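To start, the structure itself, in structure tokens.
The values are calculated or read from the model by the stated rules, or taken from the named source; none is laboratory data. Given the structure is predicted, the values throughout are model-derived calculations rather than measurements. Virtual Cβ from ideal backbone geometry, glycine too; neighbours counted across all protein chains shown. We work out accessible area using only protein heavy atoms, side chains counted, and drop any ligands, DNA or RNA first. Shrake-Rupley method; radii C 1.70, N 1.55, O 1.52, S 1.80 Å.
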Amino acid sequence: DGFWNYVVTHCDFNSTDSKDITFIRSYYYNKLEIVRFDSSVGRYVGYTELGVKNAEAWNSGPEVVQMRNEKERYCVSNVGNDYRSAVTKS
């Protein structure tokens, strides 16, 4: 009984090398991904009519510059610990 609006942020990686790390932030509405920022693409991509409009606006504003920096801040600085933890448990 209501609407779901949420954001999922994660890092995909297979080593601790920065070139092997991807920062992804996905925006969902009612379980449907409407727009995503992917650091390997370097911009927002919309998947619905609303998502395309948001992506166009965000790609032309300061939001895209901030998201490009998130890979270093959010992923690269933390992946080392996660990678070591995963390798020692496998």
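Pairs linking a residue in segment 40-58 that is without any contact (Cβ under 8 Å) to a residue 12 or more places away in the chain to a residue that is assigned to a helix (DSSP H, G or I) and aliphatic (A, V, I, L, M), with Cβ atoms under 9 Å and 6 or more positions apart or on different chains, are Val45/Val52; Val45/Ala55.
The residue that is nearest to the chain's Cα centre (by Cα), among those in segment 40-54 that are more than 22 Å from Glu72 (Cβ to Cβ) and of a type in the set (A, V, I, L, M, F, W, C), is Val52.
At least 2 residues being in contact with a strand residue (DSSP E or B) (Cβ under 6 Å, 6 or more places away or on another chain) and open to solvent by 100 Å² or more (accessible area, probe 1.4 Å) is the threshold, and among the helices (runs of 4 or more DSSP H) wholly inside segment 28-90 not one reaches it.
If you go through segment 7-31 and pick out every residue that is on the phi < 0 side of the Ramachandran plot and more than 13 Å from the chain's Cα centre (by Cα), you end up with 8.
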